1. What does the accessible area per residue of the chain come to in Å², with a 1.4 Å probe and no ligands, DNA or RNA counted?
2. Would you mind estimating how fast the stretch 112-162 diffuses translationally, via Stokes-Einstein at 37 °C and 0.692 mPa s with the Kirkwood radius over Cα pairs, in µm²/s?
3. Please report, for the Cα atoms of the chain, the Rg to one decimal and the Dmax as a whole number; what are they, in angstrom?
4. Given a Förster distance of 41 Å, report the FRET efficiency between Thr116 and Ser19 from their Cβ-Cβ distance, rounded to the nearest 0.05.
5. Whenever you get a sec, compute what percent of the accessible area on the chain sits on carbon and sulfur atoms (1.4 Å probe).
6. Using a 1.4 angstrom probe on the protein heavy atoms only, could you order Val73, Val97 from most to least accessible area?
7. Taking 0.36 nm per residue of separation and subtracting the Cα-Cα distance, what length does fully extending Thr158 through Ala109 add?
8. Keeping all protein chains in position, work out how much accessible area Thr158 exposes to a 1.4 Å probe, and write it in Å² to the nearest 10.
Amino acid sequence: MPTSTHPFLYAIAIGSNRSGRHGRPDAEVAVAIATLPGVIAVSPIVASDPVGPSIRRYANAVVLIESAEAPPVLLARLKGIERAFGRRRGQRWSARVIDLDIVLWSGGAWWSRGLTIPHVAFRERDFVLGPLLRIAPDWRDPLSGLRVRQLHARLLRTLPRLDQAGRRP
């Protein structure tokens, strides 16, 4: 398992679509950001439509953190934060008070039981790529070699156009 005296850089996606002890979803995201160690960059918090069966809109952000922890160790810490916020295991894509996912790390790709980096779906999610673009536009996807800015531009070409009110049809 990699360890380093120099910190690794991680991109962490944060989402919430359920009010919790800290308030509405955007407040839950803001407090979660404040609890993360080693934060060096924070995207704006954006609203997004739910993926899957949930009907509640999400508040999403991405942060860059520095950590000497290997990916499984950091993942365990993130899961502990989720539990502290009241997250419980349940239906996939159901409403949740907080969701913390490792999207990318400076060590390239990582595969182990329960953890895949880069995150398997980050290339198809504007609520991840949009915020990530604001703080790390030149970070390269270790699998495709494309930069975040290129992945985001590619994704935007596949999304339905917005109507006059700024909504997707």
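1. On the way: 9180 Å² over 169 residues.
Accessible area per residue: 54 Å².
2. Values: Rh = 11.5 Å.
In µm²/s, the coefficient rounds to 287.
3. 15.7, 52
4. After rounding, the FRET efficiency stands at 0.85.
5. Values: 4870 of 9180 Å².
Taking all protein chains in place, the chain shows 53 percent carbon and sulfur surface.
6. Val73, Val97
7. 15.1 nm
8. 100 Å²
The values are calculated or read from the model by the stated rules, or taken from the named source; none is laboratory data. Just so you know, these numbers come straight off a predicted model, no measurement behind them. Neighbour counts run over all protein chains shown; Cβ positions are idealised from the backbone, glycine included. SASA here: full protein model, heavy atoms, side chains in, ligands and nucleic acids out. Shrake-Rupley method; radii C 1.70, N 1.55, O 1.52, S 1.80 Å.
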